[in-house]
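The values are calculated or read from the model by the stated rules, or taken from the named source; none is laboratory data. This structure is a prediction, so every number in the text was calculated from the model and none was measured. Reconstructed Cβ throughout: ideal geometry from the backbone, glycine too, with neighbour counts over all protein chains shown.
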Amino acid sequence: MEERLEYDIAWSINPFVHNPYHKKHHGESGGSTPHLNNEGSPGGPALMTVQEMRKSENISKDIDRKYSVDPHALSMFDNMGTPKASYAELFYDLFFVASLTSFGIKHEITQEQAIASYVAFFTVLWWVWTSQSFYDVRFETGDVIHRLFKFAQLLLLAAFAAFAGRFDVYYGFPNDYGLEDDANPFTSDRTSGFFAFRGMTLVYIISRGILALQYLLLYFYARRKAYPASNQFLLQIGALCTSGAMWLGSYFLEGDDATDAMRIAKFGLWYGGIAIEFGMSYFAWLVCRVTGFRRTHLNERFATLTLLILGEGVIGYAIALQGSMSSQLYLC
């Protein structure tokens, strides 16, 4: 009878662990104090993340890792091995593609207005996915707290899908000729475009709040382990809060009395906030290479998402081809 491999899922796991090979190289007494520039030492950094430990090729296989690793984390290291995309991450990717597909169902990407709306929507959705993946590939541990966060993120992607069908960057401008004709004033393009904009704004603000909470928890974990680059997480939190505040400001720039300048400014606040987040992520990566992406599966995450997006495009092409063939058969 096949035996099932089971292990307890801890409520919370500190993603920062001691590098056992570093201890072995420098002595069990731990005479070397962790500092920011010790990544190039023969033993690697004194502290590393869970994802780095799964991937690192410098850790000897015969060392007793129980000396320095949390027992809950140890069981997960043994079961997971080399880092790769988890089922939760793949499910997250499917929700991303579902949100993108929901936009394409309501918008025929053949007009200038629809193309601009698609680019605007895709940029927002892509950055939500990317910023979360930057965190997951480095610090996700699979504990209960991270699973709850992941569930909340799935709900947010579903909310993006709910507002995608009515999203229109030309909403309210004089050349807004509408994407659909609807006689019902309560569900007209202009009315629903207003709610779609505000709905997406609120969903994005909530997503920034959740990610900021994850980095805040990470900061306390890092302080507990005396992680040398813990202050970088405060920079990430500051960027997320600044971006969230800018998006909150854009929320009030839409309404019946909004001018064209205000409608343009709201998108400036949107993508200005995204630019701040991206810039801070890049800055933290340059300055604090101790928590970089070298030993992560980030490339795999982007490759998987690209394949899913291409698959979604193939489906759209097949549907269009089917409609074309049906028209030809009807004419015959």
Inset, instruction - Please work out if Thr123 is at pLDDT 70 or above, not acidic (Asp, Glu) and not assigned by TED's automatic domain parsing to the domain that holds Tyr227. - result: no
Inset, instruction - Restrict the check to the stretch 140-150 and report whether at least one residue is closer than 29 Å to Gly255 by Cβ, buried (at least 16 other Cβ atoms within 10 Å of the Cβ), modelled with pLDDT of 85 or more and not hydrophobic (A, V, I, L, M, F, W, C). - result: no
Inset, instruction - Return yes or no: is Ser117 touching a helix residue (DSSP H, G or I) at 6+ places or on another chain (Cβ under 9 Å), part of a helix (DSSP H, G or I) and crowded, with 21+ Cβ neighbours inside 10 Å? - result: yes
Legend entry - Pair list, Cβ under 8 Å, 6 or more apart: the stretch 155-167 residue touching a residue at least 40 places away in the same chain (Cβ under 8 Å), other residue charged (D, E, K, R): Ala164/Lys106; Gly165/Lys106; Arg166/Lys106; Arg166/Asp189
Inset, instruction - Take the residues in the stretch 211-243 that are among the polar types (S, T, N, Q) and farther than 18 Å from Asp143 by Cβ, then tell me which one is surrounded by the fewest Cβ atoms within 10 Å (Cβ to Cβ). - result: Asn231
Inset, instruction - Please indicate, with yes or no, whether at least one residue in the stretch 245-255 is in contact (Cβ under 8 Å) with a residue 40 or more places away in the chain and of a type in the set (Phe, Trp, Tyr). - result: yes
Legend entry - Residue check for Glu254: under 19 Å from Ile206 (Cβ atoms) and modelled with pLDDT under 85: yes
